[in-house]
Structures are given as C-alpha cells and as structure tokens.
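Only one structure is covered here, and it is reproduced in the block below.
The values are calculated or read from the model by the stated rules, or taken from the named source; none is laboratory data. Note that the structure is predicted; figures quoted are calculated from it, not measured. As a convention, Cβ positions derive from the backbone with ideal geometry for all residues, glycine included, and neighbour counts pool all protein chains shown. Accessible surface is based on the protein model in full, side chains and every heavy atom, while ligands, DNA and RNA are left aside. Shrake-Rupley method; radii C 1.70, N 1.55, O 1.52, S 1.80 Å.
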Amino acid sequence: MREIEPAISARGVTKSFGRQRVLDSLTVDIPSGVTYCLLGPNGSGKTTFIRAIVRLLRLDGGEMSVLGRPVSEVDKIYSKIGYMTQHKALYPDLTVQENMEFYAGLYGLKKQQREARLEELLEMVDLSLHRSRLAGALSGGMYQRLSLACTLIHEPELLLLDEPTVGVDPRLRQTFWEYFNRLAGEGKTVLITTHLMDEAEKCRMVGYMRAGRMVAEGTPEEILHLAGLRPILKLWLAEPERDAAQLQAQGYEIEVEDGVVQVRLESHAQIKEVLTSVSPLDMRLAEPKLEEAFLRLSEAT
Amino acid sequence: MNRPAAGRVGVVALRVVRQLKRDRRTIGLIVFAPIVLMILFGYALSGDMSGVHLGLVDGGGHDALRAHLVSIQDFDILRLGSESDAERLISEGRLDGAAVLGPDGVRVLLDASSLQISGAIVAAVQAGTATERAGQETTGRTKGAESAFVSRYIFGYDLKMMDTVGPAILGLVVFFFTFINAAIAFIRERSQGTLEKFMVSPLSRVEMVSGYVLGFSLFTILQSATTLFVVTTLFGVPLRGSPLTAMAVVLLLGAGALVLGAFFSNFARSEFQVVQFIPLIITPQIVLCGIWWPLQSVPEFIRPFSYMLPLTYAAHALRAVMLKGAGVADILYPDLLALGIFFLIFFAAATLMLRREVA
Ligand SMILES: Nc1ncnc2c1ncn2[C@@H]1O[C@H](COP(=O)(O)OP(=O)(O)OP(=O)(O)O)[C@@H](O)[C@H]1O
Ligand SMILES: [Mg+2]
C-alpha cells in the first residue's frame, strides 16, 4: 500500500527543550498521497514534530527528509508546503478577503488564479457571505475556517494542519474531510493533528504519539487489530443461559452481562453464522473504538 | 533564501497600509498629535528668546572677568568647549555672542544682526576687564595692553524659539510614532502567529522588513506633510528650502525609527512592554538631540552619545533646510549619511533577529 518515496521520513528524530525531551528518537514515514492523522495527548510532541518538519526548530539528533529533500533544505520548497499553525495566524484587523489576498500575494498568485482560488475556498469553508467582515469579528469556528482557507490558497503539495477542525461544526467538518480526502486522491499529502477519534477514523493512516515517541502506527483497521479489539455482537435472548452455553460449545468467545449475551466476533461474516444457531429477540453490533485501541496500546508500553 | 522580489515587498506594504488605514485612532494620532504638540510648544515657547545668550569659552586666566559676566542678571551664560562651537551657534542664531577667554587674551564674538545686544555684551566685557585690571594693579602685577580685547562680528539670525524648535519637533514626532507603531506591529506578528507562518513561506526576512518600511513611509509622508503645513502656516516658521528635501530627511529618519522598533520588539513580550521602552529609547533622544539646548553645551562625556542618535542629525538637517534653505547636497554630510548608516545597521539587526529556528 505504501508509496516508494514517503513525503516525510523521520529517523530517530530527537528534540529537547531544556531538560525536557519532547521528541524521543521518533521514527516515522508519512507516505505521499495520503491523509495521515497524528494523535496523542496534550504535550506529546505533535506540534513540535510539525514545527521540526518546516524547520521552525533545529533538531538535536536524527535525520529527516521532506518531499525528497533533507530537512536542512526545506526552505527551498516552502511554496509547496501549506502550514496551518495551532494558533491561527490571521490579521484580525483585515477582512476575510484581505487576509486571503495577502497570503495569495505572498505565494505570488496571479490575479486571475487568485480570484478563482479565493472563490473556490470561500465556498469550501462557507465564508462567501462574510468576505468583507473583519477577521477579528468572526466567530471562533469561522476564524478557524478562514485560517484553513489561507493555508490552502497556494495549492500546496504537502499540507501540515495542526488541529484544523477545533471548534468547527459537524456539518463543515464533514465537508473538510471530504476535501482533505479529495486532495489526497489528487496525490497531495495531508498531515493532520486532532484529538477527535472519529476524525482519525476517516484518515487513511493514523499514528499515535506519546511522550515524543510513536506508540502505534498504521491504518485504523491495523491499529484495532494490533490492540486485539474486535466487534461485539450483543444478543437479547429468551433463554440466555441455554443459548450462551450452546454458542460457547460452538467455540465462540462469550460473556454474559445483565442477561445480555455478548459474542466477540473474529469478523463481521460471523454474524450470519451466529444467527443460524440462535434467534434473538433483539440485537446490536458494537464496533470497536480506535480510542480504546490507543488506550490499550499506550497501557501496554 | 530566494532573491528579494518587489512583488512580495509590495504585498506586505499593501497589507500594512490596509491595517493602518483601518486603525482610526492611530491615523488620528499620526495627524493630530503633531499639531497638538506644536500648539503646545508654540504657546509655551512663543516670542523672542528673553535675555542675552552669551557663550563662554573659558581657557583660564580671567577669573575676575568671568565672575563679572556670570554675575550679570540679564545674561544667560552657556559654557562651550571651543571657539568654533561658539561661532557656529552664533551663525545659527542660537547665541547673541560669545566671550573667549584665554591666556593670550580675550576675544569677543558678536552677532552682527542684533547690534543693540552686541553693544550690551561689549559694555559688559569692558566693565569686566576694567575690574580685572584694577585687581592686578593692587597686587602689583601690571600687564597693561594684554587685557585689551578683540571683537569680531559674525552674521547670524535673530530667531524666535519656535523657529529653532519647530523643525526638530517634526523629526521627534515622526520618530516617536514610527518607533512605537513598528515595535507593536512586530510584537503582534509574533503573538498572532503570523510571523511563524511567514517563516514557512517564500517571503524572506529582508522582504518582510522592506515591506514594512515601504508601507509605513506612506504614513510618514502624510504625517510630515501635515506637520510641515502647521509649522509654517500657523507658527510662521520659515521654510526656505524645498519641502521635498525636508520630507526626504523625515523619511530616512522614519525608516530608521521603524527598523529600530522592529529590532527592539524582540526584547518585549507584549505591547505593554513596548511602552516601557519609551524612557529608554525616546527620552534620551529628546534630551540629547540639540532641540532644547545646543549640543555644544552638553557635557563632553555625554556628547559622543548625542552623535549616535538619529534625531540629532535629523534635527540638524531639518533646521538647515527650513531656516537656511539648505539643499540635499548641503546636508549630505554628515546628516543624511549618518541617518543612512543608522538605518542600514538596524535594518540588518532587525532582519537577523527575525530568526526562523527556535533554540
Ligand atoms: N518553544 C518551547 N519551549 C519550551 N518547551 C516547549 C516549547 N514548545 C513546546 N514545548 C514543550 O514541549 C512539549 C510538547 O509540546 P507540543 O506543543 O509539541 O505538544 P502537542 O502534542 O502539540 O500538544 P497539544 O495536543 O496540546 O497541542 C510540551 O510539554 C511543551 O510544553
Ligand atoms: Mg499541539
């Protein structure tokens, strides 16, 4: 599944602030053309990692390459990178449109191209109606949306988005994720940090950081599997004890809780097999949560 | 880094102008503060300078004469280091005359434009030498002819206080506002996170600072135009040179103030701390730039410091342009040169301080 040349490749990357080790020989490959979600508790080093990628800070050790270049040369390809900082970088005393025009200008977009981009992105972040409002007068989520639009204005190949969806309402978050996945489909690389697990599930790949290290990495399915989490089928039965015993005899992993029989499935295909043996009054399927997987994985390390 | 591109400089300049334009209070301050200051100083300092301003270059040996001159109520004595200082101040209209005392005799320099005052000075020196001679006779040492003094006339002006202060205030106001506004603007770039975003864009540090210089210059032009207008029309300060030359001086001074502000923004964490720089950066300039009292009267050990401050040169150049009709060629050395060097040093310093890498 992975492309030959990763968009970002970090090998044993280390960074300390004073005596605190924030990146602890972090090794990770971020393939190009995917959405990659970086997860981890507050202070685990996500922002620090992103800042190291764009060389806003110097590494103490390790090697890193970005879009095929050593990180020391990353300033030569800044026009290919879109960086959305965690503290949203906008001018509150400029209007929505002026902010976007400014960033478009920095990247040297020509008038025609700039206007087309502006319209497209205003549409995407749903700020067309607010284009002449001062950025400082926008609501929190709108401010966030404008910041994203400014980051995307020059059609970067590599997107580094530090918590781009904080405070954005669910409907727009949906739009954002569709957009991110479309960008990835066009061959762009999108690295996103978030604290929302449901967003992580929408990414092609996820990586979970803790105390400057990568605890687990892979597709969401791989992570669940790695943590040993499986879907659970809950059955409400007329005679729970008898049916439970029968299923157990057939080799299923069973647990009974408050008269509800819970079957741990190896795969979703097993649902059909289970239903040939018993006829439940009611049933529910509980999918495993990525969140739980990470909790397990970080306990294990 | 890429080569500096005019396009990106223009983009930054346009943004700075848009921001300043929207900030009504700052615009108000930029335009009206100079006017208010002028009116204030205009009333406080209007009218002729009272008393006789006499320079005193004391080379020793004439204690009695010196004591006599100092004791005269009407005389405002300014102690100077050398005869050439005295000459310059008289020609600039800031002294009415000077007495140069030395072992080889006494010389009196007089302003030819105010003969009445010259007469008073001559009379005082005559009286002083007479006392001195009387003292020497009682102690038995007779030197006779040596005590006679030589007088020389220099062509100066008869200036009002506002005439000398007005041009300098123009410089002061521009320096003050540009420094503060620039420092605050750079602090905001930092705290808003926009600086971090710049660093990860094709915009170079040189382009960014240049963009600021360009954007602020438009406001400096607006500010100096209104101030020049007020100084000349309301207060009748002469404008003998070209207003464009005066504007060029102010623009160079403003550019220097901007990069100085950008540089010092690195040492402040908040807008509040910027305000705390005022006593450190602004006050010494006001005191030492030669607006209120001539540089020649600043104590010797501080004087080199005066010559390091941009406002000193700007005030001198503006005075030359407005009062004496000096052209660009006349103020090129040392004034414009010094302002240019100051700008370049702090442009480099401000640019280098905008570091991309942290730690
Ligand atoms: N410039 C700095 N100087 C000193 N310490 C820093 C600096 N930047 C980050 N740190 C520290 O490094 C650690 C990791 O910070 P980082 O911002 O990378 O975390 P994060 O994973 O992005 O957290 P969050 O989810 O809260 O955004 C924190 O303990 C933080 O205090
Ligand atoms: Mg962070």
Next item on the list: Just give me the residues in the stretch A:263-284 being in a strand (DSSP E or B) and within 11 Å of A:R230 (Cβ to Cβ), in sequence order.
Entry: A:V263, A:R264
Check: Within the set of pairs 6+ apart or on separate chains, which have a first residue in the stretch A:81-92 that is in contact (Cβ under 8 Å) with a residue 24 or more places away in the chain and within 16 Å of ligand 1 (Cβ to nearest atom), a second that is among the polar types (S, T, N, Q) and part of a strand (DSSP E or B), and C-beta atoms under 9 Å apart?
Finding: A:Q86/A:T193
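One line per residue, one yes/no per condition, for (1) open to solvent by 10 Å² or more (accessible area, probe 1.4 Å); (2) touching a residue at least 60 places away in the same chain (Cβ under 8 Å):
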| position | (1), (2) |
| --- | --- |
| A:Q113 | yes, no |
| A:E123 | yes, no |
| A:L138 | yes, no |
| A:R145 | yes, no |
| A:R171 | yes, no |
| A:H195 | yes, yes |
| A:G218 | no, no |
| A:H225 | yes, no |
Checklist line | Options B:A13, B:A99; residue that is on the phi < 0 side of the Ramachandran plot, among the small types (G, A, S) and within 14 Å of chain A (Cβ to nearest Cβ) | finding: B:A13
Notebook entry, point to check: Take the residues of the stretch A:76-89 that are at the interface with chain B (Cβ under 7 Å from one of its Cβ atoms) and open to solvent by less than 30 Å² (accessible area, probe 1.4 Å): which is nearest to A:P156 (Cα to Cα)?
Noted result: A:I81
Note to self: Whether any residue in the stretch A:258-274 is touching a residue at least 40 places away in the same chain (Cβ under 8 Å) and over 30 Å from A:P41 (Cβ atoms) is what I want to check.
What the structure shows: yes
Margin query: So in the stretch B:86-95, with the set limited to residues that are at pLDDT 85 or above and charged (D, E, K, R), which one is farthest from B:D58 (Cα to Cα)?
Written below: B:R88
Check: Filter the stretch A:15-29 for residues that are open to solvent by less than 20 Å² (accessible area, probe 1.4 Å) and more than 9 Å from ligand 1 (Cβ to nearest atom); which is farthest from A:A184 (Cα to Cα)?
Finding: A:L26
Margin query: So A:V190 passes all but one of these: (1) touching a strand residue (DSSP E or B) at 6+ places or on another chain (Cβ under 7 Å); (2) closer than 15 Å to A:T85 by Cβ. Which condition number does it fail?
Written below: (2)
Check: Looking at the stretch A:150-168, is at least one residue within 30 Å of A:G68 (Cα to Cα), open to solvent by less than 10 Å² (accessible area, probe 1.4 Å), outside the structural domain of A:V13 (by TED's automatic domain parsing) and within 18 Å of the chain's Cα centre (by Cα)?
Finding: no
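Just for the stretch A:191-239: of the residues that are of a type in the set (S, T, N, Q) and within 16 Å of ligand 2 (Cβ to nearest atom), which one is nearest to the other protein chains (Cβ to nearest Cβ)?
Across the stretch A:191-239, the extreme among qualifying residues is A:T193.
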Notebook entry, point to check: Of all helices (runs of 4 or more DSSP H) completely enclosed by the stretch A:20-137, which ones contain at least 2 residues that are within 16 Å of ligand 2 (Cβ to nearest atom)?
Noted result: A:46-53
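For a quick check of your reading: which helices (runs of 4 or more DSSP H) sit entirely within the stretch B:1-113 and have at least 3 residues that are in contact with a strand residue (DSSP E or B) (Cβ under 8 Å, 6 or more places away or on another chain) and more than 30 Å from A:A104 (Cα to Cα)?
B:63-71, B:83-91
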Next item on the list: Could you run through the stretch A:30-54 and say how many residues are within 14 Å of chain B (Cβ to nearest Cβ) and either away from ligand 1 (no atom under 13 Å from the Cβ) or of a type in the set (D, E) (or both)?
Entry: 1
Note to self: Taking the condition of being within 15 Å of ligand 1 (Cβ to nearest atom) and either surrounded by 17 or more Cβ atoms within 10 Å (Cβ to Cβ) or away from chain B (no Cβ under 14 Å) (or both), how many residues in the stretch A:55-75 meet it?
What the structure shows: 4
Next item on the list: Considering each of A:V166, A:V190 in turn, give the residue that is at pLDDT 95 or above and either of a type in the set (A, V, I, L, M) or at negative phi (or both).
Entry: A:V190
Checklist line | Qualifying positions in the stretch A:197-216 - surrounded by fewer than 20 Cβ atoms within 10 Å (Cβ to Cβ) and more than 28 Å from A:S16 (Cβ to Cβ) | finding: A:M197, A:D198, A:E201, A:R204
Item checked: All positions within the stretch B:195-207 that are more than 19 Å from A:R51 (Cβ to Cβ), at the interface with another protein chain (Cβ under 10 Å from one of its Cβ atoms) and either open to solvent by 20 Å² or more (accessible area, probe 1.4 Å) or assigned to a helix (DSSP H, G or I) (or both) -> B:E207
